[in-house]
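Peer 1: Structure incoming, see below.
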Amino acid sequence: MKNKLLPFFNVLSKDEQSIMLALAVIYAPIGQSSFAKLLEKSACFDRQTLGLINKPLRDKLQNSRLIIMSTDGWRCNEEIAEPLMRLAVDQPWFGKLTQQIIAEPNYFYSAKINAYHAIKQLRIFLYQGNETAFSANIERFYTDFRKSFTDSINIIFLNTMTLLGFHRYRIR
């Protein structure tokens, strides 16, 4: 199954692609200024890239359906999040950004947004190969977000399995 959003990603500039890869890693909605501050704090992105995090880029990414906008901020479209995460793993900034994301407090978000943050951490631990943290967090995710557990796990693993060539399996 070919991802229909990848052609839109492929025509972005290198800096715009870096921004999309970072959004795929972050996964949960993030406000524009918080996003810019997080990337700046990571010290892995240059001023030119940081300067692109603005309304024109937001509109461009939203119009191409690469991001979903809400009152909570920018969020990478789930349809492309896993393929982009696989690309992000190979970026020199991946480790440093994921450390910052995991250390970032999640304050008082709605239950839906808290679920995104829990999924974000699961995805990071999965792609880091951190089995201990993944195991601990999947149990917490199941306990705290039982209603959305199956759908969320299917999104993560079915997208990953599809990328690897498996198409028939679904968690029930």
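Peer 1: Any residue in the range 2-14 that is closer than 20 Å to Leu126 by Cβ and in a loop (DSSP other than H, G, I, E, B)? First the steps, then the outcome.
Peer 2: To start, the set of residues in the range 2-14 that are closer than 20 Å to Leu126 by Cβ comprises 3.
With the extra rule that they be in a loop (DSSP other than H, G, I, E, B), the set shrinks to 3.
For the range 2-14, residues closer than 20 Å to Leu126 by Cβ and in a loop (DSSP other than H, G, I, E, B): present.
Peer 1: Given the criteria touching a Gly at 6+ places or on another chain (Cβ under 9 Å) and either touching a residue at least 12 places away in the same chain (Cβ under 8 Å) or not charged (D, E, K, R) (or both), does Gly51 qualify? Talk me through it step by step, then tell me what you get.
Peer 2: On the way: touching a Gly at 6+ places or on another chain (Cβ under 9 Å): no; either touching a residue at least 12 places away in the same chain (Cβ under 8 Å) or not charged (D, E, K, R) (or both): yes.
The answer is no for Gly51.
Peer 1: A further question follows. Just one of Tyr107, Tyr142, Tyr169, Tyr116 is touching a strand residue (DSSP E or B) at 6+ places or on another chain (Cβ under 8 Å) and at pLDDT below 80; which is it?
Peer 2: Values: Tyr107 fails: touching a strand residue (DSSP E or B) at 6+ places or on another chain (Cβ under 8 Å); Tyr142 fails: touching a strand residue (DSSP E or B) at 6+ places or on another chain (Cβ under 8 Å); Tyr169 fails: touching a strand residue (DSSP E or B) at 6+ places or on another chain (Cβ under 8 Å).
Checking each option against the conditions leaves just Tyr116.
Peer 1: Can you report the number of residues in the range 19-69 which are of a type in the set (Ser, Thr, Tyr) and part of a loop (DSSP other than H, G, I, E, B)? Explain how you work it out, then say what you get.
Peer 2: In the first step, residues of the range 19-69 are kept if they are of a type in the set (Ser, Thr, Tyr); the result is 27, 33-34, 42, 49, 64.
Next cut, part of a loop (DSSP other than H, G, I, E, B) only: 27, 64.
Residues flagged as of a type in the set (Ser, Thr, Tyr) and part of a loop (DSSP other than H, G, I, E, B) within the range 19-69 amount to 2.
Peer 1: For the range 63-87, give me the residue count where each residue is closer than 19 Å to Ser34 by Cβ and exposed (fewer than 15 other Cβ atoms within 10 Å of the Cβ).
Peer 2: 3
The values are calculated or read from the model by the stated rules, or taken from the named source; none is laboratory data. Note that this is a predicted model, so its numbers are computed, not measured. Cβ atoms come from the backbone with ideal geometry, glycine included; neighbour counts cover every protein chain shown.
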